1. Please express the shape of the chain as an equivalent ellipsoid: the semi-axes are the square roots of 5 times the eigenvalues of the C-alpha gyration tensor, given largest first in whole angstrom.
2. I'd like the accessible area for Arg75, computed on protein heavy atoms only with a 1.4 Å probe and all protein chains in place. Round to 10 Å², please.
3. Using a 1.4 Å probe on the protein chains only, how many percent of the accessible area of the chain belongs to carbon and sulfur?
4. Using the heavy atoms of the protein chains and a 1.4 angstrom probe, tell me the accessible area per residue for the chain in square angstrom.
5. Provide the per-residue ³J(HN,Hα) series for the range 132-145, in order, calculated from phi with Karplus coefficients 6.51, -1.76, 1.60 and θ = phi - 60°, each as a whole number of Hz, with x at glycine and proline positions.
6. Per DSSP H run of n ≥ 4, the term is -39500 (n - 2.57); total these for the chain, divide by its residue number, and report the mean residue ellipticity at 222 nm rounded to 500 deg cm²/dmol.
7. Could you tell me how far the Cα centroid of the range 21-36 sits from the Cα centroid of the range 47-105, in Å?
8. Accessible area of Phe276, 1.4 Å probe, to the nearest 10 Å²?
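The values are calculated or read from the model by the stated rules, or taken from the named source; none is laboratory data. No experiment lies behind these values; they were computed from the predicted model shown. For the accessible areas, the whole protein counts, side chains as well, though only heavy atoms, and no ligand, DNA or RNA atoms are used. Shrake-Rupley method; radii C 1.70, N 1.55, O 1.52, S 1.80 Å.
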Amino acid sequence: MAHLAPSQAAIFSPSVARAAASTAKDWSYVDSWLRSKYANSSTNRGRPPAFERNPETLKILLALAAANEAADEDREQLARLEEEALAEVQANEQELEARRQKAEQQPSDAIDGEILAADLLLAIESNLAKEGTAALDAMSHMAVDLGVAYPTPDALGAKYIELQGRALELEDSVERVNLLQRYLDREAAQMDAFLEELRRGDAYQPAPDLAKQNLELQRKIKNITNKLPELKQQVVALEKSVGLPSLTVEDVKEEEDAYLELLAKKKDLDVQVKAFAGLPPDIEAARVQLEALRAELRDATDERDTNFEKLVERESPIETRRKF
């Protein structure tokens, strides 16, 4: 409990006690892990200094210990697999060597295919040129990188072409993402410029007397709010004294139809009255003016008839002489 603060020495709550016990257990685990890592160190015995023993350091050390143990387990598993594979290869080589020695000691017409294949591979490998060895190593490394169990030039070529296609697709995707990123950056820059214009532009600045207008509106709202109860009382009193008509939708529809009918009659009367436009409002004066207009009409009619007769006589002189 040395890592606990003096104020935490006395624990009065079960939850605090459980938290303290869990913290002490975590520190014990961290201390043991550090001692295992610094067992041969003469300057550090695997214990953090007192000023570093805090919750943040404990959290980091726990995560580091967990990651270290997971990495150790992976390395141990890989080393175990490598040892097993090496042991299997060595066992196969020893078995093959024993069979080769047995075949040399006891010759027979039967041919061992595995021994023959191993001898052929050894002969090919030993007689390969430098370029051939480099090409074979390159193919083997490519097969391992591509995860091809039984590599052939065709299979490796097809796999390589497939990877090239995927690489080109990824490059296109990256280019599209970059294009989208540039578009978003441009739009963001425009938005920033617009916001800056909103902040500093004169067109978007509040009026100088906005505070005064706000106070005036608040004063008007307050006055109207204070008058609302009085107005409501007046409306109630008016309803009790006068009474409001009880209108229905049908009544409103009938009134509307009557109004439209009167409006149509008014239009007809306007057309009739328009014929008497220009007459004086007095009836006698209008009658005198009407008689004068009728006399003018008669004079115009007579003049028209006279002019027509003269026109006929001028156009037909022979027929007029015969009449005479």
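1. Semi-axes from the Cα gyration tensor: 115, 55, 23 Å.
2. Arg75 has an accessible surface of roughly 130 Å² with all protein chains in place.
3. 59
4. Solvent-accessible surface per residue comes out at 87 Å².
5. Whole-Hz 3J(HN,Hα) from phi for the range 132-145: x, 4, 5, 5, 5, 5, 5, 5, 5, 5, 5, 5, 5, 5.
6. -28000 deg cm²/dmol
7. 25
8. 140
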